[in-house]
Each structure stands twice: as C-alpha cells, then as structure tokens.
Amino acid sequence: PVTIISMKEINRNNAIYAIQNNRNPFIDSPQFVQRIWGGALPAKPINTPQNITQTPTISGTSMSIYLNWKSADGNRRIVVASANGKIKSAPSDGNEYNANAVFGQGDQVISGDYVVYNGTGSSVTVTNCNPNNTYYFKVYEYNGYKQTCTYLVPPNNSCSCN
C-alpha cells in the first residue's frame, strides 16, 4: 500500500525542523517505507499537472525560461525539455532521473530530451537556452524513489516557448 502523509504530519515535521534543525525522512519521502520494509510499489499518480506557463527572458545571446505549473497528486515531478522538436519519449518506471536546470546538462530520457527539474515544487528556471530555438516542456508526476518510481504519462500537458 502507498503511504499517505497528512498535512498535519507535514506541518509537524516542518515545525520540528524549525526548532531542532532535523527532519523525519519518512514524512519527507514516504517511499522509504517500501524501500526498507518492502511491500507493493507506489501507485501511479492519477492527475496531471495543470496550467503550465512559461516566461522567457532574453539577455544578449542567451535566454532563460521560467516555467510554472499547478502540481497534481504525485509525491514528486520531473520536467523534460527538448529544443526544436517535441518531447519524443516519456520517463520509464523504475528509473529516477538527475535534473539540471542548465539545458543540456541533466539526464536524457531519450537523445535530446533533457530532465531540467526533479523535485516537489511547481516551478523551475531553465537557463542556457538559445533564443533562436523553440523549446518544448512536459511535466510528469511520479511516486516512488529510485527503482520504485512510477510515472504518470499525461496525454498532453506540454508547452512550447520560442
């Protein structure tokens, strides 16, 4: 079964951190329970992120793109980016990807599709973009950790920016 953490427990963990400067890793990463004690893999998220927006900023010959979205029901999410071509592949269950907001520096899901964000938030600023290219972005919700990752592949929650 998937461990569900209540907002009360999350708030309690944050309050403890403010006082003691330490956190409960089972609250921050409930998938650790499965990793340590076994059990079923985490369920895929059901809902996709919504309202994906982008704001480009050009400075000389470089461009950065601020992405923002409304997160859904996954514990975490990744953002995949591609230049001059739509996203060609989805992340694979059982794989966790390293992200880097410098375009072209994160793990590749498939050649040319770079992971630019991996975390619990709802925004990222992608740098090292060429103003002459069109960039495509897709946000994926997921649950799990390392080989227990289960991704929701949305039908269409991508956006482009040029």
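The values are calculated or read from the model by the stated rules, or taken from the named source; none is laboratory data. These figures come from a predicted structure and were not determined experimentally. Cβ atoms come from the backbone with ideal geometry, glycine included; neighbour counts cover every protein chain shown. Ligands, DNA and RNA are stripped out before the accessible areas are found, and what is left, the full protein with its side chains, is counted by its heavy atoms. Shrake-Rupley method; radii C 1.70, N 1.55, O 1.52, S 1.80 Å.
With respect to the numbered conditions (1) without any contact (Cβ under 8 Å) to a residue 60 or more places away in the chain; (2) open to solvent by less than 30 Å² (accessible area, probe 1.4 Å), which one is the sole condition not fulfilled by ASP107?
(2)
Quick check: is even one residue across the stretch 30-53 in contact with a Phe, Trp or Tyr (Cβ under 8 Å, 6 or more places away or on another chain), buried (at least 16 other Cβ atoms within 10 Å of the Cβ) and assigned to a strand (DSSP E or B)?
yes
Right, ALA43: of a type in the set (A, V, I, L, M) and modelled with pLDDT of 90 or more or not? Talk me through it step by step, then tell me what you get.
On the way: of a type in the set (A, V, I, L, M): yes; modelled with pLDDT of 90 or more: no.
Considered against the rule, which asks whether it is of a type in the set (A, V, I, L, M) and modelled with pLDDT of 90 or more, ALA43 comes out as no.
Considering only the stretch 133-148, I want to know if a residue exists there that is open to solvent by less than 10 Å² (accessible area, probe 1.4 Å), touching a Phe, Trp or Tyr at 6+ places or on another chain (Cβ under 9 Å) and acidic (Asp, Glu).
Checked the stretch 133-148: at least one residue is open to solvent by less than 10 Å² (accessible area, probe 1.4 Å), touching a Phe, Trp or Tyr at 6+ places or on another chain (Cβ under 9 Å) and acidic (Asp, Glu).
Taking the options ASN13, ASN22, name whichever one is free of Cβ contacts under 8 Å to residues at least 24 places away in the same chain, in a helix (DSSP H, G or I) and over 22 Å from THR125 (Cα atoms). Full working, then the answer.
On the way: ASN22 fails: in a helix (DSSP H, G or I).
Checking each option against the conditions leaves just ASN13.
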